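Please read the structure below before turning to the comments.
The values are calculated or read from the model by the stated rules, or taken from the named source; none is laboratory data. The structure presented is a predicted model; accordingly, all values stated were derived computationally and were not measured. All Cβ positions, glycine included, derive from the backbone under ideal geometry; neighbour counts span all protein chains shown.
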Amino acid sequence: MRQSKARARFLAVIPARGGSKGIPRKNVRPLCGKPLIGYSIEAGRSSTLIDTVVVSTEDEQIAEISTQYGAEVIKRPPQLARDHTPSLPVLQHVIRYLADADNLRPEVIVLLQPTSPLRTAADVDTAIRMFLDRGCDSVVSVCEVEHPLEWMYTISSDRLEPVVTGGDRVARRQDALRVYRLNGAVYVTSRDAIMNESRLLGSDTRAYIMPLERSIDIDTEIDLKLAELLMRERG
């Protein structure tokens, strides 16, 4: 049974703007018969630890769909809904709003990007439990980088420049150092890190490793097609 608002400890926030450059109206695009944002709301609501799921948006259609899927909606100010607005001030706005409007002061904030439809409620719960068990101030989901850094280059005037310089070049993937990237699926952060230190990732951040097949971050039409293929295979 979920806690009452006044006692809520774990708050999930889903930031969802109406505008999108790569895929127009991305957050409400259908994916296997469901709007994209619906998957993140369901992951938050299916979590055994999260008490409240909030969607922050300036868009009326996103707000309506989010309500239908069971999320609470907080209207986002236009100045926080621009193309390059980072997540941190959006989270701070949600935290302040809930404190003023509902006297709700969650201890742990869980950021769920709406562009990670293959992330599961189990992923959310595992990341939160890691946060609690390790005594850290943040946990972030990552996945292994698909190719070694030794195989990556920048290009300057048509000339390849290696990202990693010095030392022997790696010919085989299995000989390379394992490298991980943020996959955007789950961020678990203490309220203090967000509000007092203005940091999404705290000074002691631990990694929750997710497999590549659940780490797709929807940014292009190709991402949508790949996500749909994986979902259909998963049933």
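How many of the residues in the stretch 67-80 are within 27 Å of VAL139 (Cβ to Cβ), out of contact with any helix residue (DSSP H, G or I) (no Cβ under 6 Å at 6 or more places or on another chain) and not basic (Lys, Arg)? Can you show your working first?
Keep residues of the stretch 67-80 that are within 27 Å of VAL139 (Cβ to Cβ), which gives 69-74, 76, 80.
If we keep only those that are out of contact with any helix residue (DSSP H, G or I) (no Cβ under 6 Å at 6 or more places or on another chain) as well, we get 72, 76.
This time we only want the ones that are not basic (Lys, Arg), so: 72.
Result for the stretch 67-80: 1.
Can you confirm whether ALA122 is closer than 23 Å to MET231 by Cα and out of contact with any Leu (no Cβ under 9 Å at 6 or more places or on another chain)? When the stated conditions are applied, ALA122 passes them. Contact map, the stretch 19-35: first residue exposed (fewer than 11 other Cβ atoms within 10 Å of the Cβ), second residue modelled with pLDDT under 90 and not small (Gly, Ala, Ser), Cβ cut-off under 7 Å, separation 6 or more or different chains; pairs are LYS21/ASP83. Of the residues examined, SER20 is not one that is farther than 19 Å from THR115 by Cβ and at pLDDT below 95. Within the stretch 36-58, does at least one residue satisfy the condition of being among the aromatic types (Phe, Trp, Tyr) and over 15 Å from the mean Cα position of the chain (by Cα)? So far as the stretch 36-58 goes, no, none of its residues is among the aromatic types (Phe, Trp, Tyr) and over 15 Å from the mean Cα position of the chain (by Cα). For ILE155, the requirement of being of a type in the set (A, V, I, L, M), closer than 25 Å to PRO30 by Cβ, free of Cβ contacts under 8 Å to residues at least 60 places away in the same chain and out of contact with any Leu (no Cβ under 7 Å at 6 or more places or on another chain) is not met.
Scanning the stretch 191-221 for residues that are under 13 Å from the mean Cα position of the chain (by Cα) and either assigned to a strand (DSSP E or B) or among the hydrophobic types (A, V, I, L, M, F, W, C) (or both) returns LEU200, LEU201, TYR208, MET210, ILE216, ILE218.
Quick check, is ARG7 modelled with pLDDT under 95, surrounded by fewer than 21 Cβ atoms within 10 Å (Cβ to Cβ), out of contact with any helix residue (DSSP H, G or I) (no Cβ under 9 Å at 6 or more places or on another chain) and of a type outside the set (Asp, Glu)? Give the derivation first.
On the way: modelled with pLDDT under 95: yes; surrounded by fewer than 21 Cβ atoms within 10 Å (Cβ to Cβ): yes; out of contact with any helix residue (DSSP H, G or I) (no Cβ under 9 Å at 6 or more places or on another chain): yes; of a type outside the set (Asp, Glu): yes.
Judged against the criteria, ARG7 is a match.
Among the residues in the stretch 33-46, are any more than 21 Å from GLU221 (Cα to Cα) and in a loop (DSSP other than H, G, I, E, B)? Looking for residues that are more than 21 Å from GLU221 (Cα to Cα) and in a loop (DSSP other than H, G, I, E, B), one finds none in the stretch 33-46, hence no.
Quick test for you: out of ARG214, ARG234, pick the one residue that is in contact with a strand residue (DSSP E or B) (Cβ under 8 Å, 6 or more places away or on another chain) and basic (Lys, Arg). Reasoning before the result, please.
Details: ARG234 fails: in contact with a strand residue (DSSP E or B) (Cβ under 8 Å, 6 or more places away or on another chain).
Step by step, each of ARG214, ARG234 is checked, and only ARG214 is in contact with a strand residue (DSSP E or B) (Cβ under 8 Å, 6 or more places away or on another chain) and basic (Lys, Arg).
All conditions but one from (1) surrounded by 13 or more Cβ atoms within 10 Å (Cβ to Cβ); (2) farther than 30 Å from VAL13 by Cβ apply to VAL179; the one that does not is (2). When every residue of the stretch 143-160 is checked against the conditions, none turns out to be over 30 Å from LYS21 (Cβ atoms) and in contact with a Ser or Thr (Cβ under 9 Å, 6 or more places away or on another chain).
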